[in-house]
Every structure is written in structure tokens, then in C-alpha cells.
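K.L.:
Take a look at the following structure, please.
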Amino acid sequence: MVNPFKLHAIKSSSGRPANRLMRPMAIAFCMGLAITAEAETLQSGELYFTILNEDDAEVCRPPEGDRYVAEKYVIPEVVEYRGNTIKVVGIGEKAFYGCTELRYVSLPATLEWIGDDAFSGCLSLGPNLELKGINRIGSGAFSYCRGIERLDLSSYAGETGEGVFMGCSQLAEVSFNDEIEIIPPFSFYDCEGLNSLTLPRRLREIGQRSFAGCRNLTEISIPGSVTLIGERAFSDCNVVESVNLECHDAIIEDGAFEHLCSLTALFLTGVREAGKNAFSGCSKMKWVEIDHGTECLGQQAFSGCNELEAVYSHPDVPPTIFQDTFDKQTEERALLMVPEGSGGRYEMAAYWNRFATISETAIFPVGVESITADDALKVSINGGVITLRSDDTPSLFSLHGGTIAPSRSGDTWNFSVVPGVYILTADKACSKIIVR
């Protein structure tokens, strides 16, 4: 049990005699009445502990003027206090804050929580960090621990505060527990070394700026369970080449994917709303496909997408857009492809009617609902030739829906193409292909 009293940092100007006891005052409010209690602090070995109650203790920050200076600490499961054995269940707020020499800490099996900023600024801590058996990790607990390279959260499904791993610039690999439903704001903000990301399969919310500034990520895959992608969640991930949305009814908040300047194509699968600047500054994006259930695209959602050549919009009823959702350049140059029989509605709809070229089609170059990670075709690309094996005749569509004829040798099919984005269908499967 966590003591309901708010425990404060120890204030002392003396040294560190063994087994010294100190008694800071802690105030709590219970049933509307102020209750005063004493929380004693014990030094045992090199560590300090706050005695929370007759059963539990937590590691705490040393007294003022003192600090933890060792490279390694082994936190015990129990400490002795007045003849009793007290279980160590927590690491308190800022306990090891700024301990730049700390390289390794052994966490006991009894540990239940790690407090706010507990290891913040421990620049040398790492390279591996595994967290298991814990119920709560406080805000900023491991922020700016630049030595962490691999993070194992596969056994952790507890509560997590904001910015827990913010600024861990060398962090390259993270493994999540699939039971995690929320990634809090700023969790991995400015983790520049993160180069791969597999999100939990039951994830519902991705908090604001949670992965912003992860400048080594090349691919983002959002599982179908996600219903909210927070403000600027993936902004400034500027080498991301693909965003795979497997959502069913998701809201993308303002600036969530802004400045993904290596992204060349986008399927808005299962997205109900995209907020202001959601994809602004995606300067290499060639085309975007809007799913049937999309209702609204916010202001400047695609501003600065200067290379947009095609917008494929599946809804029969035009989604709500604003006068600056698309740049004037896009409206003048890009093809707007809409479902057969709905061209008149788009020509009458506010701001859609500013597209110079609106074309109806019965068959889009690709249906966003048909592309999943499970049915992608296995192909090879070599010297501008796309090759695959198939018993059935495959079809290859260009960006604007034109077909490319293949050559055949037995069950091998070859398509000669120029650089661009293509959609390949065969054997009842469909795959997006980017040829550079």
C-alpha cells in the first residue's frame, strides 16, 4: 500500500552516519480533517529509506548537501527498522535525480512503484533496462537517461506518467506489453535513436508528442485498436517513409504527423477526423487516399505538401474541409478522384470545388480497406523491374489508375516501371509498392 501522506525530501546538513533516523513532517487530508504524521527516514548502507508505515519503505533522496555517487546500487528487498523487517516497495520522487555516475541499479522483486523523476538525468544508466513486477512508473522517471539503448516493457502493464523516457537519445529498441492501452504524453519525446517501433496490439490512445522528434524512425504502424492519436504525436519524425494506419474509427489530433518530410504516400484507413496541420509539411507526399468513414479534414491538414499529385476520396458524401486544408497549388495541379456518381456533389461542395480536375471512377487504384500487413505480396524490385510469382494474372496500377502490362515467363511476371508509387494486385491480395 502506498502511504497517503505526501512525503517530502529530507533536509539535513550533516554527514551520513550508519542507521541514522530523521523525522520530517508529512501532512495529509482525510475525511476533510488535517492529520499530522511523522515519516521517519533511515540510512542503511549507502541508501536512504523513508519508512512509510509498519510494513513498507521506499528509497528516498539523500539529505541536502549529500548525493548518491556510486556507479552501481543494489536496492534490497527489505530493511531492518526498530527490530522489524520492512519491505522496500518504492523508489521515491527524485531519489537518484541527476546521479550522472550511476550505470546500473538492481531493482528488488518487492518493488511496486518508481516515483516522479526518480532516475531523471542519470546520463550513464544503461544500456539495458527491464521493468517488471511494478504497478506504477511516475512522470519523467527515466527522462534524459541517455545511456539506455534497449528497453524491455514486455512484463510491464501498469500506470505510467508523462515523459517517462523523454530525451533518452540513445534508445534504439523498445518492447511493449500487449496489454498496454495508453502511451502517455511525451513518453518517448526526442528519443532520437529509436529506429523501430511495434506498438501494443490493444493500444487505444497515443498521447501528445509521445514520439515527436524520433528522427531515426523509418516506419510507423498504428494498430487497429487505436482510436486517438494525440497532438503532434509523431511530428518531426523526418525520415519516416510509410505510415500504416489499421484503425477503424480514429481521431488524429492537430499536427500529429506534421513534418514527415520523407513520407511519399498515405492511406487514411479508418480515420474519422484529422485535425489542424495533421500532415502539414509532408513535402514529398505524392498522393493520399481518404477512407469511406472520413468525416472531416482540418485546417491546413495538408499544407506544405507541395508534391501532391492525386487525392483519392472514397466517401460518396464529401468530407468537411476548410479553405486551407489543401494548398492552392494542390487544388490547381492534383487529380481529385471520387466515386462514380459523386462527382457532382464534390463539384458543389465547399472547397472541394476548387480542385481543377475532378474525375469519377468505379474502381480506385487501390481500396484502403484491402491492404493489411497480412496480405502484402512478396515481390522483388531490381533496376526498375517489379517481379513476382503468381498463378493468376497480376495487375499493376500507376498513381493515376493506369495499368502497366507485364511480361511473363512461366509463373513469373515482370513489370518494367519508372520511379513512382504503384498498386499491385494478385492472388486476391494487394500491395503498395514504391519504386525509387
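Please treat every number below as a calculation from the coordinates, not as lab data. Treat the numbers as computed from the prediction; the structure is a model and nothing was measured. As a convention, Cβ positions derive from the backbone with ideal geometry for all residues, glycine included, and neighbour counts pool all protein chains shown.
K.L.:
Which value, in debye to the nearest 20, gives the size of the charge dipole of the stretch 297-340 about its Cα centre, when Lys and Arg are +1 and Asp and Glu are -1 at the Cβ?
P.N.:
80
K.L.:
Moving on. Placing +1 on the Cβ of each Lys and Arg and -1 on the Cβ of each Asp and Glu in the chain, which of Ser155, Ile229, Val421 has its Cα farthest towards the positive end of the resulting dipole?
P.N.:
Ser155
K.L.:
Right, here's the next one. Select from Gly344, Gly115, Gly147 the residue whose mean-square fluctuation is largest in a Gaussian network model of the chain (Cα-Cα springs shorter than 10 Å).
P.N.:
Ranking Gly344, Gly115, Gly147 by mean-square fluctuation puts Gly344 first.
K.L.:
Name the residue, out of Asp411, Asp152, Asp190, whose mean-square fluctuation peaks in a Gaussian network model built on the chain with Cα pairs under 10 Å.
P.N.:
Fluctuation is largest for Asp411.
K.L.:
Quote the charge dipole size of the stretch 224-313 about the Cα centre in Debye, to the nearest 20; the model charges only the Cβ of Lys and Arg (+1) and of Asp and Glu (-1).
P.N.:
The calculated dipole for the stretch 224-313 is roughly 160 debye.
K.L.:
If you don't mind, there's one more thing I want to ask. Relative contact order of the chain: what whole-number percent is it, with Cα pairs under 8 angstrom and at least 6 residues apart?
P.N.:
That works out to 6 percent.
K.L.:
Just to confirm a number: summing +1 for Lys and Arg and -1 for Asp and Glu over residues other than Leu107 whose beta-carbon lies under 13 angstrom from that of Leu107, what do you get?
P.N.:
-3
K.L.:
OK, next. So if we plug the beta-carbon distance of Ser359 and Asn128 into 1/(1 + (r/R0)^6) with R0 = 41 Å, what FRET efficiency do we get, rounded to 0.05?
P.N.:
0.15
K.L.:
Tell me which of Ala310, Leu47, Gly207 sits at the most positive position along the dipole axis of the chain, charges placed on C-beta atoms (Lys, Arg +1; Asp, Glu -1).
P.N.:
Leu47
K.L.:
Rounded to the nearest 20 Debye, what is the dipole magnitude of the chain about its Cα centre when Lys and Arg each give +1 and Asp and Glu each give -1 at the C-beta?
P.N.:
Numbers: 36 positive and 59 negative charges, 188 e Å.
Magnitude of the dipole: close to 900 debye.
K.L.:
Could you let me know the centre-to-centre spacing of the stretch 102-164 and the stretch 254-328, using Cα atoms, in angstrom?
P.N.:
The two parts, judged by their Cα centres, are 37 Å apart.
K.L.:
Now for a separate question. With Cα extents along the principal axes in Å as the read-out, I listed (1) 65, 54, 40; (2) 84, 53, 30; (3) 58, 52, 42; which label goes with the value calculated from this structure?
P.N.:
Working out Cα extents along the principal axes in Å from the coordinates points to (2).
K.L.:
Between Val435 and His292, what FRET efficiency follows from the Cβ-Cβ distance if R0 is 25 Å, with the result rounded to 0.05?
P.N.:
Values: r = 28 Å, r/R0 = 1.12.
My answer for the efficiency is 0.35.
K.L.:
Among all lysine pairs in the chain that are eight or more places apart or on different chains, how many have alpha carbons less than 25 angstrom apart?
P.N.:
Lysine pair count for the chain: 20.
K.L.:
Pick from Phe415, Phe364, Phe279: which is most flexible by mean-square fluctuation in a GNM of the chain where alpha carbon atoms under 10 Å apart are linked?
P.N.:
The residue with the greatest mean-square fluctuation here is Phe415.
K.L.:
Let me ask something else about it. Let me have the 222 nm mean residue ellipticity of the chain computed from DSSP H runs of 4+ only, each contributing -39500 (n - 2.57), with the sum over all residues rounded to the nearest 500.
P.N.:
-500 deg cm²/dmol
K.L.:
Where both partners of a DSSP beta bridge lie in the chain, what percent of those bridges are antiparallel, to the nearest 5?
P.N.:
The antiparallel proportion sits near 45 percent.
K.L.:
Of the options Ile220, Thr198, Pro184, report the single residue whose Cα projects farthest towards the positive end of the charge dipole of the stretch 161-228 (beta-carbon charges: Lys, Arg +1; Asp, Glu -1).
P.N.:
Going by the Cα projections, it comes out as Ile220.
K.L.:
Right, another one. Provide the gained length on full extension for the span Arg136 to Ser169, in nm with one decimal, where the gain is 0.36 nm per separating residue minus the Cα-Cα distance.
P.N.:
This chain segment gains 9.6 nm when fully extended.
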